[in-house]
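A.B. asks: If you scroll down you'll find the structure; I have some questions about it.
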Amino acid sequence: MELELTEEEIAFRGEVQQLLETELTDEIKAATAKTTTVFADKDVALAWQAILHKRGWAGVSWPKEFGGTGWSSNQRYIFNQECVKAGAPGLIPLGLRMLAPVIFRYGTQEQQDYYLPKILSGEHYWCQGYSEPGAGSDLASLKMKAEKDGDDYIVNGTKIWTTHAQFADHIFCLVKTDAEVKPQAGISFLLIDMDTPGITVEPIITIAGDHEVNQVFFDDVRVPITNRVGPENEGWSVAKYLLEFERGGGTAATGLRLAMQNLRTLLDELPEEHELRKRAMQIEIEISALSQMETDLQTRVASGMNLGTGSSLMKNMVSGLGQLISTTRLEAIAYYGLPHNNLLWLEGKIGVGQENTQTVIGTYLNNRASSVFGGSREVQKNIIAKTVLGL
């Protein structure tokens, strides 16, 4: 079942398609097609953001009063769906989709005036300082300290799995400002300039050979108290609000269908009765079920209802199907899946095998993390069990 659209929404879809046809360059599409990690390359994503910003469309989910589109939820859904179909890169969400809503709600007027225009234009490139060694899914157990010294906080500690910290000029962090109360009650939310003395970024190279994540060290880093978002020791509420924008429904089924097109190409040379062909048929059925779920959830959102546990169900379905597709692709190319072959492709060197296999290993290896980041599969199951089953 397709989402029921008004005449105005159908016309809007045509406007989006026209923009994509005229403004989305072949170079951007080609670079996006080679993406194997969570986010598109910085330069590719920012090139697309610049095109949208010129049109006034960079703030897809932003209210008009802050420089955004002011689009309805159905318009956002249509826009995201058409971008995926056309092969456009995803906009980096850390500033645009995650931090910005926090500043809308909790930021001071000065913070809104300074940060929001720079997020919208891409002048500021943000990363997220949440996870720490020993504090990932159990985020409330974080240890990074921020102690007052005059008009500043002195920050010490470390953050890990920090995506694109090697590119970022700013980071938003959860820090411990009171160790004497229960963990959730002693956390604050800080905005930190990455050029501040005392910050060191160390790369973490993934098993796919990519440099996407990092560990960031803070040694006596001085941060103005005016960079705190929300009241001191109430950062946990800010963090929970932000996570509402990290998780949730979307247009994942469209992206998975595109991945299936690539898989079907790889399976064309196999016999009709081959086990991988049967598996692909089952995957397509599950994607259809996911698409129906997305439509149902979008209908709820459009009518002003909350996603509830739907976002947790969606998260697990999307990560599971993505892993299944990438595993099947790897099995389909058989011995051409040798890691060195595909890592050479990622480095732009000549490898062995067909060109359409060049991202298979990288995608497969990076997809192993999709059931962990953004809330692990087990955490999502706990949410479902508690909310739906009352356990």
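Derivation of every value follows stated rules applied to the coordinates shown; laboratory data play no part. Quick caveat: nothing in here was measured; it's all calculated off a predicted structure. With ideal geometry, Cβ positions are generated from the backbone for all residues, glycine too; neighbour counts draw on all protein chains shown.
A.B. asks: Could you state the number of Å between the C-alpha centres of segment 108-175 and segment 204-235?
C.D. replies: Their Cα centres are 4 Å away from one another.
A.B. asks: For T299 paired with Y335, estimate the spin-label separation in nm (one decimal), with each label point 7 Å from Cα along the Cα-to-Cβ line.
C.D. replies: Distance between label points: 5.2 nm.
A.B. asks: Another one. At a Förster radius of 22 Å, what calculated FRET efficiency corresponds to the Cβ-Cβ distance of T265 and L3, to the nearest 0.05? Numbers along the way, then the final one.
C.D. replies: Working: r = 29 Å, r/R0 = 1.30.
Result of the calculation: an efficiency of 0.15.
A.B. asks: Under 10 Å, Cα contacts only: if you run a Gaussian network model on the chain, which one of D210, D151, D169 comes out with the highest mean-square fluctuation?
C.D. replies: Checking each option, the largest mean-square fluctuation is seen for D151.
A.B. asks: May I ask you to derive the FRET efficiency for K85 and Q292 from their Cβ-Cβ distance with R0 = 22 Å, giving the value to the nearest 0.05? Before the final figure, lay out each step's value.
C.D. replies: Values: r = 18 Å, r/R0 = 0.82.
So, using R0 = 22 Å, E works out to roughly 0.75.
A.B. asks: Quick one: V318, V181, fewest Cβ neighbours within 10 Å first, how do they rank?
C.D. replies: Numbers: V318 21, V181 11.
Going from least to most buried by this count: V181, V318.
A.B. asks: Pairs K64/K386; K176/K315; K148/K240; K85/K381; K240/K386; K118/K240: which exceed 26 Å Cα-Cα? The partial results should precede the final answer.
C.D. replies: Numbers: K64/K386 37 Å; K176/K315 29 Å; K148/K240 24 Å; K85/K381 30 Å; K240/K386 17 Å; K118/K240 24 Å.
Exceeds cut-off: K64/K386; K176/K315; K85/K381.
A.B. asks: Once you've got the GNM for the chain with C-alpha springs shorter than 10 Å, pick whichever of F217, F172, F12 has the biggest mean-square fluctuation.
C.D. replies: F12
A.B. asks: Roughly speaking, what is the stretch gain from E65 to R257, that is 0.36 nm per residue apart minus the C-alpha to C-alpha distance, in nm to one decimal?
C.D. replies: Details: separation 192, 0.36 × 192 = 69.12 nm, distance 3.58 nm.
Residue separation times 0.36 nm, minus the Cα-Cα distance, leaves 65.5 nm.
A.B. asks: For D193 and E272, what is the calculated FRET efficiency with R₀ set at 45 Å and r taken between the beta-carbons, to the nearest 0.05? It would help to have the intermediate numbers written out before the result.
C.D. replies: On the way: r = 59 Å, r/R0 = 1.31.
Efficiency for this residue pair is about 0.15.
A.B. asks: Roughly how many nanometres apart are two label points built 7 Å out from the Cα toward the Cβ at K381 and S72?
C.D. replies: A separation of 3.9 nm, rounded to one decimal place.
A.B. asks: Mean separation of Cα pairs under 8 Å and 6+ residues apart, divided by the residue count of segment 126-244: what relative contact order is that in percent?
C.D. replies: Values: 277 pairs, mean separation 33.6, N = 119.
It comes to 28 percent, rounded to a whole number.
A.B. asks: Okay, next question. Please give the charge dipole size of the chain, origin at the Cα centre, charges +1 on K and R Cβ atoms and -1 on D and E Cβ atoms. Round to the nearest 20 debye. The partial results should precede the final answer.
C.D. replies: On the way: 35 positive and 50 negative charges, 153 e Å.
Roughly 740 debye for the chain.
A.B. asks: Taking a spot 7 Å from the Cα of R368 along the direction of its beta carbon, which residues of segment 204-218 have an amide N less than 20 Å from it?
C.D. replies: 204-215
A.B. asks: So, one more: Using alpha carbons only, how many degrees (0 to 90, rounded to 10) separate the axis of helix 310-333 from the longest principal axis of the chain?
C.D. replies: 50
A.B. asks: Moving on to the next point. If you line up the long axis of helix 275-302 against the longest principal axis of the chain, both from Cα atoms, how many degrees apart are they, to the nearest 10?
C.D. replies: 50
A.B. asks: Evaluate the distance, in nm, between pseudo-label points positioned 7 Å from the Cα of E27 and of E110 along their respective Cα→Cβ axes.
C.D. replies: Computed distance between label sites E27 and E110 equals 4.1 nm.
A.B. asks: Below 8 Å, C-alpha to C-alpha, sequence gap of six or more: please give me the relative contact order for the chain in percent.
C.D. replies: Values: 610 pairs, mean separation 55.1, N = 391.
Computed over the chain, the figure is 14 percent.
A.B. asks: Which of the aspartates and glutamates could a cross-linker bridge to K182, judged by Cα under 19 Å and excluding same-chain residues fewer than eight apart?
C.D. replies: Straight-line reach from K182, under 19 Å: E132, D138, E147, E232, E234.
A.B. asks: Over segment 126-244, what per residue volume does the convex hull of the Cα atoms give, in whole Å³? Display every interim value, and only then the final one.
C.D. replies: Numbers: hull volume 12.0 nm³, N = 119.
Convex hull of Cα atoms, per residue: 101 Å³.
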